[in-house]
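Asker: Dropping a structure here in structure tokens format, bear with me for questions.
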Amino acid sequence: MSIPQVIAIDGPASSGKSTLGERLARTLGYLYLDTGVMYRAVTWVALIQLGEVHDESAVTKLAQVIRIDVRPATVSDGRKADVLVDDVDVTWEIREKIVDANVSEVSAYRGVRKEMTEQQRRIANRGKIVMVGRDIGTVVLPDADLKIYLDASVEERARRRYLEIISRGGEAELDQILSALEKRDLIDSTRALAPLKIAEDAIVIDSDPFSADEVFNEVLKLIYAHSD
Ligand code: DC
């Protein structure tokens, strides 16, 4: 009997995908890859090196030359993985507001998506992986053994994001988070390339009424129900 080896989790920003994905991977002994961090890493490097992200060809060149490593967390400061760019730890830098504000633009660039998609497929070739993103079930890994689309209302996602920032000792305004999420949802789901959408064979879970534990248990049940 074998359970799904390649698990794709997609959904909008702050729907709980990474919490779910990381916990599933840890429980199953699989590799965990949150692909959003790769687009964030490119955005962060572009902001540092170019000062902005509007030059598509310059940003694409950067995406092709930087080395992004995503490894199991080595520091227990709330991170789900270490994210390194050319050996520099950028795990928290890529979560800054300026990255949030620019990452949707960068992730709409054709050359950036091509490069990230190739890297993600190479990583998935190793097998036993939980990969999280926007286009994993639709574009990156259309043959994934199990596809989950984790949804939640924008109000609930804003509330969770707010609590997450506050619990890390940060400062946040709920209204600002809500409007930033609405803006990113719009760009992510209307862009021409690999927009956020539900794969035909994905199982949709609306997490609004559920805790993270309940969502995790539900997906674990699905995984064992999918075994052959
Ligand atoms: O999941 P996140 O918020 O960290 O993702 C950051 C951005 O990257 C988000 O605006 C959409 C984009 N993204 C994407 O286009 N494709 C993916 N597979 C993952 C993320």
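The values are calculated or read from the model by the stated rules, or taken from the named source; none is laboratory data. Everything numeric here is computed off the predicted structure, so don't read it as measured data. Cβ coordinates were reconstructed from backbone atoms using ideal geometry, including for glycine residues, and neighbour counts include every protein chain displayed.
Asker: Which condition breaks for residue 125 when tested against (1) under 28 Å from residue 77 (Cα atoms); (2) surrounded by fewer than 16 Cβ atoms within 10 Å (Cβ to Cβ); (3) without any contact (Cβ under 8 Å) to a residue 24 or more places away in the chain; (4) not basic (Lys, Arg)?
Answerer: In the conditions (1) under 28 Å from residue 77 (Cα atoms); (2) surrounded by fewer than 16 Cβ atoms within 10 Å (Cβ to Cβ); (3) without any contact (Cβ under 8 Å) to a residue 24 or more places away in the chain; (4) not basic (Lys, Arg), residue 125 misses (1) alone.
Asker: Out of everything in the stretch 87-96 that is more than 9 Å from the ligand (Cβ to nearest atom) and among the β-branched types (Val, Ile, Thr), what residue ends up being farthest from the chain's Cα centre (by Cα)?
Answerer: 88
Asker: I'm checking my understanding of the structure. Among residues of the stretch 17-60 that are touching a residue at least 24 places away in the same chain (Cβ under 8 Å), under 20 Å from residue 114 (Cβ atoms) and of a type in the set (D, E, K, R), which one is farthest from the ligand (Cβ to nearest atom)?
Answerer: Filtering the stretch 17-60 for residues that are touching a residue at least 24 places away in the same chain (Cβ under 8 Å), under 20 Å from residue 114 (Cβ atoms) and of a type in the set (D, E, K, R), the one farthest from the ligand (Cβ to nearest atom) comes out as 56.
Asker: Taking only pairs six or more apart or across chains, which ones have beta-carbon atoms under 6 Å, a first residue in the stretch 98-117 that is closer than 16 Å to residue 176 by Cβ and more than 8 Å from the ligand (Cβ to nearest atom), and a second residue that is assigned to a helix (DSSP H, G or I) and of a type in the set (Phe, Trp, Tyr)?
Answerer: Pairs found: 99/44.
Asker: Taking interchain pairs and intrachain pairs at least six residues apart, which have beta carbon atoms under 6 angstrom, with the first residue in the stretch 144-166 and more than 21 Å from residue 217 (Cα to Cα) and touching a residue at least 60 places away in the same chain (Cβ under 8 Å) and the second not in a helix (DSSP H, G or I) and not acidic (Asp, Glu)?
Answerer: Correct list of pairs: 161/14.
Asker: Out of (1) of a type outside the set (D, E, K, R); (2) in a loop (DSSP other than H, G, I, E, B); (3) within 16 Å of the ligand (Cβ to nearest atom), the odd one out for residue 74 is which?
Answerer: All conditions pass for residue 74, except number (3).
Asker: Which of the numbered conditions does residue 84 fail, given that it passes all the others? Conditions: (1) in contact (Cβ under 8 Å) with a residue 12 or more places away in the chain; (2) surrounded by fewer than 19 Cβ atoms within 10 Å (Cβ to Cβ); (3) in a helix (DSSP H, G or I); (4) more than 15 Å from the ligand (Cβ to nearest atom).
Answerer: Single failed check for residue 84: (3).
Asker: Please work out if residue 126 is near the ligand (Cβ under 9 Å from one of its atoms) and either in a loop (DSSP other than H, G, I, E, B) or out of contact with any Gly (no Cβ under 8 Å at 6 or more places or on another chain) (or both).
Answerer: Here the answer is no, as residue 126 does not meet what is asked.
Asker: Exactly one condition in (1) within 18 Å of residue 21 (Cα to Cα); (2) within 13 Å of the ligand (Cβ to nearest atom) is not met by residue 146; state its number.
Answerer: (2)
Asker: Residues that are at positive phi, away from the ligand (no atom under 13 Å from the Cβ) and surrounded by fewer than 14 Cβ atoms within 10 Å (Cβ to Cβ): does the stretch 177-194 have at least one? It would help to see each step written out before you state the result.
Answerer: Pass one, the stretch 177-194, residues at positive phi: 194.
Applying the additional criterion that residues be away from the ligand (no atom under 13 Å from the Cβ) yields none.
Looking for residues that are at positive phi, away from the ligand (no atom under 13 Å from the Cβ) and surrounded by fewer than 14 Cβ atoms within 10 Å (Cβ to Cβ), one finds none in the stretch 177-194, hence no.
Asker: Identify, from the list 41, 58, 73, 46, the residue that is modelled with pLDDT under 95, of a type in the set (Gly, Ala, Ser) and surrounded by 13 or more Cβ atoms within 10 Å (Cβ to Cβ).
Answerer: So the residue among 41, 58, 73, 46 that is modelled with pLDDT under 95, of a type in the set (Gly, Ala, Ser) and surrounded by 13 or more Cβ atoms within 10 Å (Cβ to Cβ) is 73.
Asker: Against the definition (under 15 Å from the mean Cα position of the chain (by Cα), among the aliphatic types (A, V, I, L, M) and more than 19 Å from residue 197 (Cβ to Cβ)), how does residue 99 come out, yes or no?
Answerer: Against the criterion (under 15 Å from the mean Cα position of the chain (by Cα), among the aliphatic types (A, V, I, L, M) and more than 19 Å from residue 197 (Cβ to Cβ)), residue 99 qualifies.
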